[in-house]
């Protein structure tokens with residue numbers, strides 16, 4: 001990696017776009033939205049879905065649809081620079097073992113969009129594809145599913161997590177990062193699998209269990225229909241995710257079981273501590289409980305201020321060193337910075353929003 | 001109470017409206033919205049607020065503003081038929097002891113809009129005002145507060161809980177019920193304090209603690225800002241109520257402490273059971289956990305169907321018996337019926353929505 005000053009961003013951006021072929025495995029909500037978004041943005045997109053029913057519409061959107069995963073990986077005259085696995089997590093081992101037989105390991109980079117990263121990397125390594133792989137997770141989605149629900153605008157302003165480990169090749173990382181920042185005009189942060197999976201367990205997987213426990217509690221209540229009739233906004237919001245397909249939720253929780261287990265025990269301890277304090281009328285403990293999350297309230301208020309006052313983000317160039325780029329980018333994420341683009345192959349453009357970064361959530 | 005057939009609803013409705021004076025104590029979000037709604041609807045509304053800053057606007061809205069609680073209760077020539085206590089719960093004992101000195105117990109009925117009913121009734125009885133009192137709780141509100149945020153539309157299509165006990169006088173109940181159904185064009189269900197407080201703990205007070213525990217868990221996480229950056233819709237919805245004034249939440253929880261304590265222990269047990277099952281990879285238990293709340297999912301789907309298909313509600317007349325009216329109305333609420341009006345002083349009009357009532361939440 002050369003640290004030459006390759007300015008002139010427009011030029012190399014367009015060159016990347018027009019020269020790049022991206023294979024999409026699975027035309028569901030995320031895969032379909034991503035394929036349509038990239039095709040509309042000038043990329044050559046080849047897609048395979050386990051059933052061909054979305055192909056007619058996909059072809060109208062400029063997506064090349066093929067008959068098999070094998071054809072996608074080795075498409076004559078156009079081996080993809082990047083294959084994005086958008087299939088369900090449970091199909092991952094089968095997809096990887098089939099890909100391992102046909103993928104060109106020197107030219108094709110492999111990524112995915114799964115909500116759990118350590119497990120996917122294990123499966124990728126087990127299939128002998130670790131050297132091609134960079135993990136990714138776009139923080140977007142809806143409660144709907146399927147290509148019918150696919151919508152390129154799903155990726156408007158989205159943040160992606162890119163997950164790397166000590167063996168991740170920088171050039172492969174850059175292929176994925178540029179698809180995100182240039183192909184999708186999205187932002188990304190770079191973290192390790194463990195940080196991703198713990199964070200996802202905290203902000204999504206564990207809360208899905210909590211929401212389900214709430215509707216179970218109502219279901220067991222003798223006056224459950226009176227309670228449901230009296231329920232207003234707080235109940236509606238807190239149980240919304242419990243209404244999604246419970247099989248999908250269950251799969252998500254199973255795949256991140258260790259982190260979810262830890263967080264559920266933490267939550268149970270917190271709830272029992274409040275119950276004990278209410279029982280003893282220990283006002284001090286209850287007061288501390290309600291004050292404890294103030295840094296998050298301050299952070300949310302800062303986000304609102306940054307958005308409503310249209311605070312200008314601070315953009316800086318971050319030259320990356322081949323030996324330390326992973327740590328540089330992980331530290332940048334920990335400072336609440338986000339990668340928005342590339343000055344050159346060796347210089348990331350990172351953005352920070354002062355009001356948000358100065359909020360108390362960022363530790364010294 | 002006579003069971004004579006007093007049809008001709010329009011006539012007695014208008015007579016009630018034009019002849020009725022309602023006193024509102026406290027012009028905050030709920031009291032202000034209610035006062036404006038009733039004044040706009042032709043009622044004579046007298047209001048007192050502990051600080052006079054909302055009076056200028058309130059007078060423009062046709063509300064008579066007075067200088068003291070004593071003047072409100074004994075307003076010369078116009079003692080209110082009904083006083084609605086819309087003050088904060090913590091001010092309740094003081095309001096009640098002052099009212100006890102001046103209220104005309106024969107002509108004035110007393111009600112309130114607090115989110116906890118057993119405690120308020122205790123305070124009302126302690127002030128010697130039990131015979132005048134009927135409890136009420138409109139299931140509406142926003143995260144804002146104060147008369148500036150008051151909005152008559154807050155009461156559009158709202159459901160109220162009216163709480164009664166064995167000593168509640170039917171005529172006083174009717175004054176409150178008619179303010180709701182005729183003054184506000186709202187619906188109501190009639191329940192006892194305990195049923196109300198347990199239901200409110202389940203659908204509101206306990207979930208507020210759970211939401212707060214979630215933001216506390218994030219606050220304690222070493223990668224809390226990365227988690228916050230990755231957070232999307234599920235986290236936002238599940239923690240929204242944790243962003244409201246923690247002092248207000250704390251007061252609400254303290255006032256319904258016994259019910260909240262019980263439910264927090266139930267929730268902790270449910271979360272630990274899932275954690276244990278994840279630890280043991282006991283698929284059967286996890287499957288049961290995710291299936292258990294299906295009656296609530298079915299109920300919500302039925303509500304959506306009833307709304308989107310504009311299902312015609314079934315309306316029936318329910319003649320009430322002076323000896324059994326409380327049980328009749330409580331049983332009606334348990335069947336998921338709601339009172340929408342009065343055919344006469346002795347005949348309630350109740351509404352049921354077949355798709356919702358047939359959903360599995362209503363027990364045999």
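Computed from the coordinates by the stated procedures, all read-outs in this text should not be read as laboratory data. Note that the structure is a prediction, hence the values are computed from the model and not measured. All Cβ positions, glycine included, derive from the backbone under ideal geometry; neighbour counts span all protein chains shown.
The table below lists the values:
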item	result
Principal axis dimensions, region A:248-314 - Cα atoms, whole angstrom, descending	47, 40, 18
Highest-first arrangement of B:319-326, B:267-274, where packing means the average Cβ count within 10 Å	B:267-274, B:319-326
Largest-first ellipsoid semi-axes for the protein assembly as shown, taking √(5λ) over the Cα gyration tensor eigenvalues, angstrom	57, 27, 24
Chain B, relative contact order in percent, only Cα pairs under 8 angstrom and at least six apart counted	16 percent
Tensor-based shape of region A:197-292 (alpha-carbon gyration tensor, a/c under 1.5 rounded, otherwise prolate or oblate)	oblate
Number of partner chain Cβ atoms within 10 Å, mean per residue of B:294-303	5
Dimensionless Rg ratio for region B:85-124, taking C-alpha atoms and the 2.2 N^0.38 Å reference	1.12
Simple spin-label estimate for residue B:91 and residue B:251 in nanometres, 7 Å along Cα-Cβ	0.9 nm
Order by protection proxy (mean Cβ within 10 Å, highest first), peptides B:293-301, A:112-120, A:213-221	A:112-120, A:213-221, B:293-301
Where N is the number of residues in region B:302-357, Cα Rg divided by 2.2 N^0.38 Å	1.23
For region A:17-84, the Rg and Dmax computed from alpha carbons only, in angstrom	10.5, 29
For A:181-193, mean number of other protein chain Cβ atoms within 10 Å	1
For region A:211-263, the spread of Cα positions along each principal axis, largest first, Å	36, 20, 20
Percent of Cα-Cα distances greater than 23 Å, calculated over region B:208-364	64 percent
With eigenvalues of the C-alpha gyration tensor scaled by 5 and rooted, chain B, Å	38, 27, 19
Projected label distance in nm at residue A:335 and residue B:351, using a 7 Å step from Cα toward the beta-carbon	5.9 nm
Separation of alpha-carbon centers, region B:190-243 and region B:56-90, rounded to whole Å	36 Å
Shielding score for A:273-282, defined as the mean number of other chain Cβ atoms within 10 Å	5
Most mobile listed residue (B:309, B:338, B:94) in chain B, GNM with C-alpha springs under 10 Å	B:309
Rounded if a/c under 1.5, otherwise prolate or oblate - region B:9-191, Cα gyration tensor axes	rounded
